[in-house]
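What follows is calculated from the coordinates using simple rules that are stated; it is not laboratory data. Because the structure is a prediction, the values reported are computed rather than measured. Every residue, glycine as well, gets a Cβ built from its backbone with ideal geometry; the counts of neighbours run over all protein chains shown.
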Ligand SMILES: Cc1ncc(COP(=O)(O)O)c(C=O)c1O
């Protein structure tokens, strides 16, 4: 740090020069991210409440009420308005909390968790931190092959996981069949809808035929939904929802010193932005289901447009017909890494998986961006 500060103008000029190196969503070049430009209304609200720290909840009782209201609103989207839970930093923290609470509640040594092999790596992190063994079930056509599950269930199995909108292809595991197994073996089911949670409920209300994935299925015990992905809320924003307080009560904290006089929330982080809660609440109230449905349908129409355009390019192989706004493809004769290098050289930010390249058609992507991408790919 320098001894004497610069003028605000000098700092701003310097900052602007450096920040220019970042790739922005509005360039239309980011086709691989599950995040997007936060809605302008939520940006405004967020910037008004920067001082709020939900890590000391007793100080900000209004914000705490907004958190409870937000969880109820999302709970009702997921067929269970009585859900309880918290707004946390991201899908990673939320998944860690799901496994943490399940582990503590089960009180089982050598605890095992059954999950699809395509699960997000946040579960590997969680298992490493919590000392859990992950039993990974192979995928068939991109979704969890439930036929392999029953023989993997043991008396150490404390939790099963299904994904609604998976990381590689945006596909949805057969959550209804997982729920049946969960009931049959009395094992709770956690659904990672980090990506899918803010699009599937709106598509289900329109012409898209997407099966049930939420608390309407009796085996589903907890769900993660990330407003900072398809919810267009400012980063960081994720929600962990539980059917009841059974698991959450298994993580207790004896901290009494917080200045607001309340114990900390049952989450992983301490100091955390109350602005995330406030801006999420405001955005959900502003957009309503109609606003979110419009965003979801527009993304799906653009996905269909991209899918049709990709299909016209010779040599291309689309891994699965998209179910949500994610497409995976490869070229039959070009190794993935080589293809990715070529695409990235043209300025596109795409995600590379061992089997394919992933495109996520988020709200910041329009048809002109898609045409530009197709032009680059055809060159
Ligand atoms: C299915 C799924 N779960 C969890 C996560 C982790 O979310 P975050 O990056 O917000 O921690 C992701 C991120 O891409 C994801 O795709």
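Remarks
- By DSSP, the beta bridges lying fully in the chain are antiparallel in about 55 percent of cases.
- Working from Cα pairs under 8 Å separated by at least six residues, relative contact order for the chain is 24 percent.
- Kirkwood's formula applied to the C-alpha pairs of segment 16-170 gives a hydrodynamic radius of 18.9 angstrom.
- Theoretical ellipticity at 222 nm over the chain - DSSP helices of four or more residues, -39500 (n - 2.57) apiece, nearest 500: -12000 deg cm²/dmol
- Here residue 9 and residue 311 are evaluated by their C-beta separation; at R0 = 56 Å the FRET efficiency comes out at 0.60.
- Distance from segment 1-69 to segment 277-340 (C-alpha centre basis), Å: 26
- Shape metrics for segment 258-315, restricted to C-alpha atoms - Rg then Dmax, Å: 20.6, 65
- Base-10 log of normalised Debye intensity for the chain (one unit scatterer per alpha-carbon) at q = 0.10, 0.11, 0.12, 0.13 Å⁻¹: -0.68, -0.82, -0.97, -1.11
- Dividing the Cα radius of gyration of segment 262-379 by its Kirkwood radius returns 1.12 for Rg/Rh.
- For the residues 189, 169, 203, a GNM of the chain with alpha-carbon springs under 10 Å puts the largest fluctuation on 203.
- Spatial separation of Cα centroids for segment 351-379 and segment 185-240, in angstrom: 25
- Among 178, 339, 258: highest mean-square fluctuation, GNM of the chain, C-alpha pairs under 10 Å: 258
- Mean shadow area of segment 185-304, taken as a quarter of the surface of its Cα convex hull (nm²): 9.5
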